[in-house]
Amino acid sequence: MPEIRAQEGSKKPPSRRLAPDARAQQILEGAISHFAEYGFDGGTRALAAHLGISQALLFRYFPNKAALIDRVYEVVFLNRWNPEWKALLMRRDLPLTTRLTSFYKDYNRSIDRYEVIRISLFSALRNESISQRYVARLREQLIAPIVAECRAFVGLPAPVSLPLHPLEEELVLGLHATVIYGIMRKHVFHAAPPTDPDFMIELQVEGFVRFASEAFQRVHAHVLKSGERAGQPPPHVASIS
């Protein structure tokens, strides 16, 4: 695919000499801005032009585009990941509604960034490694634990006895997509987000939990009736947010 040419007037004047760490950080920040605005289709030449540096200087700090994308993944996504989220979701001394509401309020604030949402969507459309890795982490650390906690809430077998089914994950992914849609509108469609996102999350979680018992029971009855087995491959997730 041909490289995307830098837009007229987008080149920056030559940068002054910087210490290696400062230069690497400048390149990284510029790459995040570039990927968030234009996606991943352009080559390193367009990226270097956007940064106002030569390709040779870019390659001195990042040997190839894949290495730069790996670093973007660490900064934009992994550095925003809170390792306490999973532990919070599994605290059965707290009501399920309380856990989900607290988690989603914090998660929503964490990803409410222009670069996070747009790089998420661009990487999903291009099937970049960023998307693949984050989807795997999302399922392992958030979606699967929420399904397990919903089963415990409803009184269904634990995953160790009965592996998770994709339909159960779809129920949780539905909640997940509903919660984050407000910031998707904000950063992708440039439309006004909810005026009180925390209150909306409370309503969305309460509605989900209220319906959880019937929904999960119906899923298990459907699986038994259709003769399917649990533990099928997880459904494809189009966006990593």
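The values are calculated or read from the model by the stated rules, or taken from the named source; none is laboratory data. Just so it is clear, the model here is predicted, and its values are computed rather than measured. Because the Cβ atoms are built from the backbone with ideal geometry, glycine has one as well, and the counts that use them run over all protein chains shown.
Scanning the range 87-125 for residues that are under 14 Å from the mean Cα position of the chain (by Cα) and among the β-branched types (V, I, T), we see that the one that is nearest to T195 (Cα to Cα) is I111. Pairs are defined by a Cβ separation below 6 Å, a sequence spacing of at least 6 or placement on different chains, a first member in the range 32-46 that is on the phi > 0 side of the Ramachandran plot, and a second member that is part of a helix (DSSP H, G or I) and at pLDDT below 95; the pairs so defined are G39/F122. Yes or no: the range 148-160 includes at least one residue that is exposed (fewer than 15 other Cβ atoms within 10 Å of the Cβ) and in contact with a helix residue (DSSP H, G or I) (Cβ under 6 Å, 6 or more places away or on another chain). No, the range 148-160 contains no residue that is exposed (fewer than 15 other Cβ atoms within 10 Å of the Cβ) and in contact with a helix residue (DSSP H, G or I) (Cβ under 6 Å, 6 or more places away or on another chain).
Checked against the criterion of being in the same structural domain as L100 (by TED's automatic domain parsing), crowded, with 18+ Cβ neighbours inside 10 Å and over 19 Å from R218 (Cβ atoms), the candidates L167, L171, L138 yield just one match: L138.
Of the helices (runs of 4 or more DSSP H) lying entirely inside the range 128-196, those containing at least 1 residues that are in contact with a Phe, Trp or Tyr (Cβ under 6 Å, 6 or more places away or on another chain) and over 23 Å from R109 (Cβ atoms) are 144-154.
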